[in-house]
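Step one of this worksheet: look at the structure below.
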Amino acid sequence: MTAAIVIITVLIFIAAMLCAVMLIAWRSFGRPRHALVWALAFAVATAQWFSNLALRLQADDNTALHALTAALGCLSNALIAVGFVQRNRAPRRVRPLLAAALVASLLIGVANFVEPVMGIRYSTGLGFGGLMMLVSAFNVAGGFRQASLPERAVMVMLTLFAAIDFSLAAIAMGPGTANDEGSLFFFRSVVTMLYPIAFTGVGLFSVFLVAADLADDMRRLATSDMLTGVYNRRGFEDSAERAIRNAQRQRQPLSVVVADIDNFKLINDRHGHTVGDRALRHFASRLERLVRRGDLIGRIGGEEFALLLVNTRPQDALEVVERIRRDIAAMPVDGAARIVMTASFGVTGLRPGDISLASLLARADRALYRSKLEGRDRVTSADELEEVA
């Protein structure tokens with residue numbers, strides 16, 4: 001048994017195991033579509049390595065089997081790229097990838113049946129594989145700077161695997177248009193050393209990314225309010241403490257707002273808890289629409305919410321919150337009842353002596369209490385309240 005046959009046999013088991021792992025991940029972790037596509041990609045890769053093994057065991061050069069092996073390889077690489085595209089929520093890019101796999105398979109088929117040149121046959125498949133790895137790296141995240149640490153690692157490794165594929169494709173073109181046995185032997189030796197590393201690496205990093213996504217989902221569930229989708233109290237406090245430390249370090253302004261829906265108990269009593277839940281979701285969605293990306297929103301009590309406005313002075317925060325107050329009063333809750341809500345707000349800014357979120361929340365809460373006492377549906381500044389006192 002040659003070393004190549006041993007390596008191919010090992011790759012069959014690796015591809016089959018990766019397929020099984022992806023199927024388990026898809027079945028157990030919320031059925032993400034990209035995990036199912038990757039499972040299919042590694043199933044196709046398993047068939048490809050079986051076909052490759054059959055080629056090695058045959059004495060003659062089977063042109064049809066060569067074409068089948070190459071077509072399966074193109075399809076597997078295309079499906080890996082499709083999985084990354086689906087994870088990145090860009091479904092419009094899926095069909096072009098599958099069409100490209102079909103074109104590459106046809107080109108390899110032509111190279112096998114019309115002009116059976118080994119160099120062209122191998123370089124086309126490897127070049128297509130490298131292209132699919134680059135597409136995958138491009139679709140891991142919206143950009144390298146916005147990517148998480150696991151996503152950056154996957155992007156770097158996919159780029160390296162693309163470089164391996166392109167290098168092997170260049171080596172494959174070495175024999176040119178003639179089937180030079182010496183050059184082909186060199187090419188196959190290099191493939192035996194490098195391609196298993198690239199293939200196994202792509203599989204392992206795909207599994208790694210699924211695991212990282214699961215960890216992010218679990219972390220998000222632990223810090224998010226299930227009803228409204230904004231931060232829960234724990235998530236808001238953790239993120240706000242980091243924002244406060246950063247503002248103090250950078251000497252930047254920061255404002256905290258506490259909001260409370262007026263007479264929320266009456267909504268529940270008159271219309272039921274289903275409508276009350278809809279009102280809470282409506283309130284949270286209006287807040288998300290009216291604050292900037294990077295500001296924090298949290299549901300810290302039943303009908304009580306908190307905002308942290310980064311790089312915002314208290315007087316500017318008052319203008320933002322007044323705009324929110326008017327929007328809440330003007331936009332009825334969707335549904336047959338068409339409920340019009342109002343809300344009360346308390347606002348405060350970061351001061352030099354503030355060392356934690358608790359002191360800001362306490363001041364904002366006192367301002368909110370004054371808004372309630374003075375008739376609700378209004379905004380009160382903690383600074384102005386203290387000046388009056």
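The values are calculated or read from the model by the stated rules, or taken from the named source; none is laboratory data. Owing to the predicted nature of the structure, the values given are computational and were not obtained by experimental measurement. Cβ placement follows ideal geometry from the backbone for every residue including glycine, while neighbour counts extend to all protein chains displayed.
Side notes on the structure shown:
- Flag for residue 223 being surrounded by fewer than 21 Cβ atoms within 10 Å (Cβ to Cβ), out of contact with any His (no Cβ under 9 Å at 6 or more places or on another chain) and under 22 Å from residue 42 (Cβ atoms): no
- Subset of the range 263-308 that is among the small types (Gly, Ala, Ser) and assigned to a helix (DSSP H, G or I) - its residue that is surrounded by the fewest Cβ atoms within 10 Å (Cβ to Cβ): 285
- Test result for residue 318, in contact (Cβ under 8 Å) with a residue 60 or more places away in the chain, in a strand (DSSP E or B), surrounded by 17 or more Cβ atoms within 10 Å (Cβ to Cβ) and not β-branched (Val, Ile, Thr): no
- Listed by first and then second residue, the pairs with beta-carbon distance under 6 Å, at least 6 apart or on different chains, first residue in the range 249-269 and on the phi > 0 side of the Ramachandran plot, second surrounded by fewer than 17 Cβ atoms within 10 Å (Cβ to Cβ), form an empty list.
- The residues of the range 214-246 that are of a type outside the set (S, T, N, Q) and either outside any helix (DSSP H, G or I) or in contact with a Pro (Cβ under 7 Å, 6 or more places away or on another chain) (or both), listed by number, are 225, 226, 227, 229, 230, 231.
- Number of positions in the range 226-254 that are surrounded by fewer than 17 Cβ atoms within 10 Å (Cβ to Cβ), aliphatic (A, V, I, L, M) and out of contact with any helix residue (DSSP H, G or I) (no Cβ under 8 Å at 6 or more places or on another chain): 1
- Contact map, the range 153-166: residues that are crowded, with 18+ Cβ neighbours inside 10 Å paired with residues that are outside any helix (DSSP H, G or I) and not hydroxyl-bearing (Ser, Thr, Tyr), Cβ distance under 6 Å, separation 6+ or inter-chain. Pairs shown: 154/140; 155/140.
- Residues satisfying the stated conditions in the range 21-58, i.e. among the small types (Gly, Ala, Ser) and either over 24 Å from residue 218 (Cα atoms) or without any contact (Cβ under 8 Å) to a residue 12 or more places away in the chain (or both): 28, 41, 43, 45, 47, 51, 54
- Filtering the range 61-118 to residues that are farther than 23 Å from residue 195 by Cα, outside any loop (DSSP other than H, G, I, E, B) and modelled with pLDDT under 75 leaves 91, 92, 93, 110, 113.
- Scanning the range 338-368 for residues that are assigned to a helix (DSSP H, G or I), under 10 Å from residue 258 (Cα atoms) and in contact (Cβ under 8 Å) with a residue 12 or more places away in the chain yields 360, 361, 363, 364, 365, 366, 367, 368.
- Any hit, the range 243-254, residues being assigned by TED's automatic domain parsing to the domain that holds residue 356 and under 17 Å from residue 345 (Cβ atoms): yes
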